[in-house]
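J.: Attaching a single structure in structure tokens format; questions to follow.
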Amino acid sequence: MPIDNRAARVRDQIEMLASVSEHHQYVQRTFCSLAAKLANDMVSGWMHAAGLKTRVDNMANLRGVLPGNNPQGRVFVMGSHLDTVIDAGKYDGPLGVLLAIDQAARLEAGSLPFDLEVIGFSDEEGVRYHSSYLGSSVVAGCFDQEQLSLKDAKGVSMQQAVEKFGGDVTKLSKDQIPKDKFLGYFEAHIEQGPVLEEKNIPVGVVQTINSQERVEIKVQGVPGHAGTTPMMIRKDALAGAALMIAEVEQLAQKDHENMVATVGKVDVFPGASNVIPGNVNFTLDLRSPNYERLSTFSKKLQQIFSGITQKRGLTYSWNLIKTNKSTPCDDQLTQILSEAISQAGYPVQALTSGAGHDAVAISNLGPVALMFIRCKNGISHHPDEFVATEDIGAAIKVCDVFFDKLSQQMQ
Ligand code: HGY
Ligand code: MN
Ligand code: MN
């Protein structure tokens, strides 16, 4: 099938998948939701049509295998995630899964010296449990079982959500790819940044994925009557949290070359307009190319938080949910990818990734490579996210050469 037709097919699949959402006004597919199930159903149909043998594993990952020609062969994985953020774009995640399915459709079963496994990971964004990489960390054998007790906004534990979806948490280890079977991983993903557009290049090759820390901060004060409690004796958790959040931004701005810091979610209790907030929980998302700088930033922030809360008669807790050091992409796979980009007729543009990707978790198994695809104005995690069909075509062209080279060089 000509590349333009394949690109148009991927574009149409992107549009169809974007209609699968747990919200009627915007795109939202979170871990183990009904929308996640419907998305798995839709995408597994496309996997079948591409000749893949599919299954949903115990962590809700959708997996399809194209057997190679060597029964003792190892497995090479290509994929990305099918879950989304809230009010999401259409391409962040799904584009990488659909490009993988397109590759499987091009390659005949038995044509590769290794098995090709295509995976639509179940939870890269970590929206429901403020975690991340739930699906890929099970595949990589680095899932933290303690996370099964995390509760979502409705008090549903991760274990309950998995079991309701049809997974068995006692069998998660069976869903890991054994390290000695694992050949490597390749992910194609939108850039979610402006560089490729500025350079007018459709694809780029990622060298490193930045380090990341996800924390939940709980601030405790004393709730009270908004009308009868004098100002000077209040222990207002939200007023304190507001100062803490302002400090997050100021400290990151002071070190803006190395750090980004975001408070994306704030929950106020009891949340009534005439009650002084007694408790506030907020999320903290810290990122840096340099993990040591991130750790120093994190310690400094804890000192600042302690100063603010002590002065105001509040207490707070710092609950680390997830931490990932910066992840280098594999030299050999990245070299093959760079050669494929060049052979496909594009300049080779090296990039670092400020965003996290399933490649971070999968790197616990072995070599990973990550290709970025230009997206309009670098917009992502927003309904205006967009990738031109020509750039989908460019990505397909590179993937074709990448797998042809891979099958000659790696077994
Ligand atoms: O948050 C991220 O970096 C990614 O989109 N999960
Ligand atoms: Mn993503
Ligand atoms: Mn994302």
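The numbers here are math on the coordinates, done by the rules we state, and not lab data. Everything numeric here is computed off the predicted structure, so don't read it as measured data. When we count neighbours, we look across all protein chains shown, and the Cβ atoms used for this are built from the backbone with ideal geometry, even at glycine.
J.: Once the piece of chain linking V195 and L34 is laid out straight, how much longer is it, given 0.36 nm per residue of separation minus the C-alpha distance between them? All intermediate terms of the calculation are to be shown ahead of the outcome.
T.: Details: separation 161, 0.36 × 161 = 57.96 nm, distance 3.60 nm.
Full extension of this stretch gives 54.4 nm more.
J.: Ranked by Cβ crowding within 10 angstrom, fewest neighbours first, how are Y91, Y129, Y316 ordered? Could the numbers behind the result be given before it?
T.: On the way: Y91 27, Y129 23, Y316 20.
Going from least to most buried by this count: Y316, Y129, Y91.
J.: Using +1 at the C-beta of Lys and Arg and -1 at the C-beta of Asp and Glu, which of I362, P383, Q159 has the Cα lying farthest in the positive direction of the dipole of the chain?
T.: Toward the positive end, the furthest listed residue is Q159.
J.: Here is a follow-up. Once both labels are modelled 7 Å past Cα along the beta-carbon direction, what's the Q408-A242 spacing in nm?
T.: 6.4 nm
J.: While we're here: Remind me, relative contact order of segment 211-324 in percent, using alpha carbon pairs under 8 angstrom and six or more residues apart?
T.: On the way: 219 pairs, mean separation 51.8, N = 114.
Answer for segment 211-324 is 45 percent.
J.: OK, next. What per residue convex hull volume, in Å³, comes out for the chain when only alpha-carbon positions are used? Each step should come with its number before you reach the end.
T.: Values: hull volume 56.4 nm³, N = 411.
Looking at the chain, the number lands at 137 Å³ per residue.
J.: Which order do L251, L107 fall in if you start with the one that has the fewest other Cβ atoms within 10 Å?
T.: Working: L251 15, L107 19.
The order, fewest Cβ neighbours first, is L251, L107.
J.: Using the Cα centre of the chain as the reference point, and only Cβ charges (+1 on K/R, -1 on D/E), how large is the resulting charge dipole? Debye, rounded to the nearest 20.
T.: On the way: 38 positive and 47 negative charges, 215 e Å.
My answer is approximately 1040 debye.
J.: Which distance in nm do the two modelled labels at E163 and C142 give, with both placed 7 Å along the Cα-to-Cβ direction?
T.: Rounded to a tenth, the inter-label distance reads 2.9 nm.
J.: Note the full-extension length gain between D12 and Y291 as 0.36 nm times their separation in residues minus their Cα-Cα distance, in nm to one decimal. It would help to have the intermediate numbers written out before the result.
T.: Working: separation 279, 0.36 × 279 = 100.44 nm, distance 3.96 nm.
Here the answer is 96.5 nm.
J.: Right, next: By counting other Cβ atoms within 10 Å of each Cβ, how are S338, S132, S317 ranked from fewest to most?
T.: Working: S338 18, S132 25, S317 12.
Arranged by neighbour count, lowest to highest, S338, S132, S317 become S317, S338, S132.
J.: Suppose R0 equals 45 Å. What FRET efficiency, 1/(1 + (r/R0)^6) with r the Cβ-Cβ distance, do K311 and Q72 give to the nearest 0.05?
T.: Values: r = 65 Å, r/R0 = 1.45.
Calculated transfer efficiency: 0.10.
J.: Another one. What value in Å³ per residue do you get for the convex hull of the alpha-carbon atoms in segment 211-324? Don't skip to the answer; put the middle values down first.
T.: Numbers: hull volume 9.9 nm³, N = 114.
Cα-based convex hull of segment 211-324, divided per residue, equals 87 Å³.
J.: If packing is taken as the average count of other Cβ atoms within 10 Å, what order do 161-169, 182-190 fall into, highest mean first?
T.: Values: 161-169: 16.9, 182-190: 26.4.
In decreasing order of mean packing, 161-169, 182-190 become 182-190, 161-169.
J.: Only residues of segment 201-244 count here: report those whose backbone N is under 20 Å from the spot 7 Å along Cα→Cβ of V275, or say none.
T.: Output list for this probe position: 218-231, 233-242.
J.: Let me check against my output: what whole-number percent is the relative contact order of the chain, with C-alpha pairs under 8 Å and at least 6 apart? All intermediate terms of the calculation are to be shown ahead of the outcome.
T.: Numbers: 906 pairs, mean separation 90.4, N = 411.
The normalised contact order for the chain reaches 22 percent.
J.: So, one more: Would you mind calculating the gained length between A153 and T170 on full extension (0.36 nm times residue separation, minus the Cα-Cα distance), in nm to one decimal? If you can, show how the numbers build up before the last one.
T.: Details: separation 17, 0.36 × 17 = 6.12 nm, distance 2.44 nm.
Computed gain between A153 and T170 is 3.7 nm.
J.: Just how large is the dipole of segment 211-324 about the Cα centre, in debye to the nearest 20, putting +1 at every Lys and Arg Cβ and -1 at every Asp and Glu Cβ?
T.: Numbers: 13 positive and 10 negative charges, 51 e Å.
Here segment 211-324 has a charge dipole of around 240 debye.
J.: Could you work out how far apart the two model spin labels at N5 and E339 are, taking each label as a point 7 Å from the Cα in the direction of the beta carbon, and quote it in nm?
T.: Spacing of the two 7 Å Cα→Cβ label points: 3.0 nm.
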